[in-house]
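Since the structure comes first, as structure tokens, the remarks are kept for the end.
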Amino acid sequence: MHVAVVGAGAVGVTAATELAVAGADVTLFDRGKPGNGSSGRAAGIVYDAYAEDVDGELAAQSVERFRRLSGTGDFAFVDCPYVFLAREGDEKVAEAIVGSVDRMRHHGRDVEVLSPEELDARFGDHLVVDDVAVAAVANDAGRADPASYVTTMADRARAAGVEFRTGRAVGLHTDPPGVVVGAAIERFDAVLVAAGAHTKQLFAEAGVSLALKPYRVQALTSRTAYEGPMCFDASADVYFRPHPTGLLGGDGTEPVEADPDEWNREADEWFVDELTTELRTRADHAVDVERAWAGLCTATPDGDPLLGEVAEDVYVAAGWQGHGFMRAPATAEAIAGQIRGETGIEPFEPTRFDGDEEFAVFQGMTVDERDD
């Protein structure tokens, strides 16, 4: 079986490795270097704290695979609790946290609700908690460097026989399945497109509409030391975590569809100013900016990814809503299995949408406020 994978980010290199280890002849295409797109700009936060059973199971599998890979090459996974909280006066988000934790625990996730007093006792040396109404902590969580993960998996892919063809943009052909290189169509038995923000564009040029929108997010690193838990302040819509330079924080979501080729890769001043204020409020952290940047995520109408067959023997893996890296090992394994003939993940099947849906972009780092 000869398979083309378009996109050498975390999902693409992992899926290519899975396919090659299983005996497929795999060619991996990317317009740049492996990890040069969204994966190289990701936050590296990893946890299994999802309220839905499929999401939680995939995330738990990924956490375990990150742990097993840690120490291979330059890749390291560092266990670190993930705290998410709501401020006083934000009753809707506070209720959503409690409700989502109930669902997480029902599906076997190691997550617990903390009172402000309990939060202070466990994390008060690192977090300011005097305005917190309710918090929760996911204990099966950690952090990693996405770039080193891609590099490590790319080395594994090469060792498994994957051919890398990078440094040139390619197109998609759906009937028959193939990759357009210059004026030529190279045919394959199957094609997987895991091209991040360019995924919608590739399918559109091949005459296929996807319910997918790239959107811009922002992050920065601070030189000031921070040794506390990973944290998401759901009332302020910001996250932060320990980082080798000191601290990494974000979100800075721009809730409009972005052009995957023409977008500002530098962080906006308003984002740096607002995050500086929020980090002082939540962690008494004095930001000393080392680097500030923007990246692109991809959104779908329901916030779940598109993972599966779009046309005969043509597959997609995109729409992670900012959570692609943390679930990359398990979702890549799942789509590789589907290409080999196994059953796909029904809630993520791309055919659940027509492709012409109108929908708003919302940030991926959020608390599930759906009712039971």
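Give Asp145, Asp120, Asp175, Asp140 a once-over and let me know the one that is among the charged types (D, E, K, R), under 30 Å from Ala94 (Cβ atoms) and touching a residue at least 40 places away in the same chain (Cβ under 8 Å).
Answer to the selection: Asp140.
With the requirement that a residue be among the aliphatic types (A, V, I, L, M) and under 22 Å from the mean Cα position of the chain (by Cα), what does region 273-313 give you?
Hits for region 273-313 are Leu275, Ala292, Ala294, Leu296, Ala299, Leu306, Leu307, Val310.
Return the total of residues in region 250-272 being part of a loop (DSSP other than H, G, I, E, B) and either in contact with an Asp or Glu (Cβ under 8 Å, 6 or more places away or on another chain) or of a type in the set (Asp, Glu) (or both).
5
For region 153-181, which residues satisfy the criterion of being charged (D, E, K, R) and over 18 Å from Tyr315 (Cα atoms)?
Once the filter is applied, which keeps residues that are charged (D, E, K, R) and over 18 Å from Tyr315 (Cα atoms), region 153-181 yields Asp155, Arg156, Arg158, Glu163, Arg165, Arg168.
Do any strands (runs of 3 or more DSSP E) lying entirely in region 1-120 carry at least 1 residues that are surrounded by fewer than 24 Cβ atoms within 10 Å (Cβ to Cβ), acidic (Asp, Glu) and modelled with pLDDT of 95 or more, and which ones are they?
Per the criteria, 25-30, 77-79, 111-114.
Report every pair of residues separated by at least 6 positions or lying on different chains whose Cβ atoms are under 6 Å apart, first residue within region 184-201 and under 14 Å from Thr174 (Cα atoms), second among the polar types (S, T, N, Q) and at pLDDT 95 or above.
Val193/Thr199
Please count how many residues of region 256-294 are of a type in the set (Gly, Ala, Ser) and over 26 Å from Gly124 (Cβ atoms).
Residues in region 256-294 being of a type in the set (Gly, Ala, Ser) and over 26 Å from Gly124 (Cβ atoms): 4 in total.
Is it the case that Leu279 is part of a helix (DSSP H, G or I), at pLDDT 95 or above and not assigned by TED's automatic domain parsing to the domain that holds Gly32?
In short, yes.
Can you pull out the residues in region 239-266 that are modelled with pLDDT of 95 or more and either in the same structural domain as Ala318 (by TED's automatic domain parsing) or among the hydrophobic types (A, V, I, L, M, F, W, C) (or both)?
Phe240, Leu247, Leu248, Ala258 - these are the residues of region 239-266 that are modelled with pLDDT of 95 or more and either in the same structural domain as Ala318 (by TED's automatic domain parsing) or among the hydrophobic types (A, V, I, L, M, F, W, C) (or both).
Please identify the pairs in which a residue from region 97-110 that is under 12 Å from Ala138 (Cβ atoms) has its Cβ atom under 9 Å from the Cβ atom of a residue that is part of a helix (DSSP H, G or I), counting only partners at least 6 apart or on another chain.
Partner pairs satisfying both residue conditions: Met104/Gly56; Arg109/Gly56; Arg109/Ala59; Arg109/Ala60; Arg109/Val101; Arg109/Arg103; Asp110/Met104.
List the residue pairs whose Cβ atoms are under 6 Å apart, where the first residue sits in region 314-330 and is of a type outside the set (Gly, Ala, Ser), the second is part of a loop (DSSP other than H, G, I, E, B) and modelled with pLDDT of 95 or more, and the two are 6 or more positions apart or on different chains.
If the second residue must be part of a loop (DSSP other than H, G, I, E, B) and modelled with pLDDT of 95 or more, the pairs left are Trp320/Pro305.
If we scan region 203-213, do we find a residue that is crowded, with 24+ Cβ neighbours inside 10 Å and among the basic types (Lys, Arg)?
Within region 203-213, not a single residue is crowded, with 24+ Cβ neighbours inside 10 Å and among the basic types (Lys, Arg).
Going residue by residue through region 275-289, is there one that turns out to be touching a residue at least 24 places away in the same chain (Cβ under 8 Å), small (Gly, Ala, Ser) and under 26 Å from Ala328 (Cβ atoms)?
no
Would you say Leu127 is outside any helix (DSSP H, G or I), at pLDDT 95 or above and touching a Gly at 6+ places or on another chain (Cβ under 7 Å)?
yes
Of all residues being of a type in the set (Ser, Thr, Tyr) and farther than 21 Å from Pro255 by Cβ in region 299-332, which is surrounded by the fewest Cβ atoms within 10 Å (Cβ to Cβ)? Just the residue, please.
Tyr315
Quick check on region 133-184: of everything there that is of a type in the set (S, T, N, Q) and farther than 30 Å from Ser235 by Cα, which residue is surrounded by the fewest Cβ atoms within 10 Å (Cβ to Cβ)?
Step by step, filter region 133-184, then rank; the result is Thr166.
The values are calculated or read from the model by the stated rules, or taken from the named source; none is laboratory data. Remember, it's a predicted structure, so these values are computed and weren't measured experimentally. With ideal geometry, Cβ positions are generated from the backbone for all residues, glycine too; neighbour counts draw on all protein chains shown.
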